[in-house]
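Enquirer: Take this structure, written in structure tokens, and hold onto it; I'll ask about it next.
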Ligand code: 4AD
Ligand code: MG
């Protein structure tokens, strides 16, 4: 029976026959003995296979293609290892090659590659230690999201990807069109005319599942969505993707305070989960990319987030000694340099900013008594800036209609959303956590394109 490398490395049961299947990472040795490192993705570690030259002369291994990149099956005896950095190894009795990889053309050489180079070979980069670690962490965090909500009485709802509404009212949408099957219309340049709507109705890829999440919260109480979202923002930054995954809890009878408490507890749970379950991968990333990573993660788990209003933050930024590229003025949106100043220089801990000016936030946020600000909250993280955006929602029909008018959000598109305020309306709140920003923070990677298997950004169409 086949064992995973992870199971073998953790095994106490020695001197038994084992079978392992994976990919060769390195082969080295001399004319007496050959060492083959095999990785199967179950862990960052490879298992060392020792091949005695009497049975496996180097020439034979070479001829059969037992080289970096080859897929192999190894049978042998699991024994204690004399080598440093490993407790067990396999004394090989049989080596089978499923598929060789030509060492002269295989793009992944033993030497380290730059992340930029690896981005160009997204079909092979999962085979590197770095992307193996990132993908295992991504999995663990996604699993922890469901675990947390399930344990806390939330229901997972599936919201649509194709939708007629613009949840954020920001107009950053990808249009969905249907191509006619026959005789596609051609434009003047002779190209296919893609200007057809979705069976006659204008629709787009969703920018957020929130509005549909509110429908579910008004029936099930506490719900969340976790799905792909799309933003047609033509920004080439290390924090933005055109397609990203968002986690959006929505809770009936929650106010802004409850919302902040949930966001902080949730983020701490996720980071703690990774610290507990992904120790080897985090250790690797800490050693290779970011010496402060583990310290920073532990710090987030152990300390309260700083909570203050947007207005208080503007005052702090205005009296800061640091020169900013963009000026700070009450009423303008904060830039990432301002957010990072507050988190990294001023408070030196995660920050939750609340009560932003209504004009820079979405139409659905609950108006404050002063009539100028709304019950918004942004959670800001070191190295990231905004990781969560959320708010208490406007539950009053007239006030919501007024905000929609002021912000030119057409009522006829959102009649069903207004119905939620007509029939059994209640205070409610929610937020959106950008999943890739979370993975970015937990892995310590610098670019969001390196924490999703197939990043979508302007001019990325290869995969
Ligand atoms: O602040 P945003 O736009 O909020 C919403 O979409 C609300 N409907 C959420 C809610 O209240 N249910 O986005 C939420 C989060 C951001 O804080 C950020 O982490 C992430 O989504 N995000 C992006 N991540 C990657 N690439 C982009 N282009 C992103 N835009 C937003
Ligand atoms: Mg936001």
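Enquirer: Name, by its number, the condition in (1) part of a helix (DSSP H, G or I); (2) loosely packed, with under 13 Cβ neighbours inside 10 Å that does not hold for residue 301.
Expert: (2)
Enquirer: Now for a separate question. I need every pair where a residue in region 1-15 that is on the phi > 0 side of the Ramachandran plot has its Cβ under 8 Å from the Cβ of a residue that is buried (at least 16 other Cβ atoms within 10 Å of the Cβ), sequence separation at least 6 or different chains.
Expert: 15/78
Enquirer: If you don't mind, another one. Residue 114 - would you say it is over 16 Å from residue 22 (Cβ atoms), over 34 Å from the mean Cα position of the chain (by Cα) and surrounded by fewer than 16 Cβ atoms within 10 Å (Cβ to Cβ)?
Expert: Spelling it out, it is not the case that residue 114 is over 16 Å from residue 22 (Cβ atoms), over 34 Å from the mean Cα position of the chain (by Cα) and surrounded by fewer than 16 Cβ atoms within 10 Å (Cβ to Cβ).
Enquirer: Related question: Is at least one residue of region 389-399 at pLDDT below 95 and within 16 Å of ligand 2 (Cβ to nearest atom)?
Expert: The answer is no; no qualifying residue exists.
Enquirer: Right, something else. Determine whether residue 212 is surrounded by 14 or more Cβ atoms within 10 Å (Cβ to Cβ), assigned to a helix (DSSP H, G or I) and free of Cβ contacts under 8 Å to residues at least 60 places away in the same chain.
Expert: When the stated conditions are applied, residue 212 passes them.
One line per residue, one yes/no per condition, for (1) within 16 Å of ligand 1 (Cβ to nearest atom); (2) outside the structural domain of residue 167 (by TED's automatic domain parsing); (3) surrounded by 21 or more Cβ atoms within 10 Å (Cβ to Cβ); (4) more than 16 Å from the chain's Cα centre (by Cα):
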position	(1), (2), (3), (4)
371	no, no, no, yes
376	yes, no, yes, yes
391	yes, no, yes, yes
407	yes, no, no, yes
411	no, no, no, yes
421	no, no, no, yes
442	yes, no, yes, no
445	yes, no, yes, no
455	yes, yes, no, no
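Enquirer: Which of (1) over 21 Å from residue 418 (Cβ atoms); (2) in the same structural domain as residue 151 (by TED's automatic domain parsing); (3) more than 23 Å from the chain's Cα centre (by Cα); (4) part of a loop (DSSP other than H, G, I, E, B) does residue 188 not meet, given it meets every other one?
Expert: Just one mismatch for residue 188, condition (2).
Enquirer: Residues of region 411-440 being more than 16 Å from ligand 2 (Cβ to nearest atom) and under 20 Å from residue 263 (Cα atoms), which ones?
Expert: 427, 428, 439
The values are calculated or read from the model by the stated rules, or taken from the named source; none is laboratory data. None of the values given here were measured: they were computed from a predicted structure. A quick note on method: Cβ atoms are made from the backbone with ideal geometry, for glycine too, and the neighbour counts reach across all protein chains shown.
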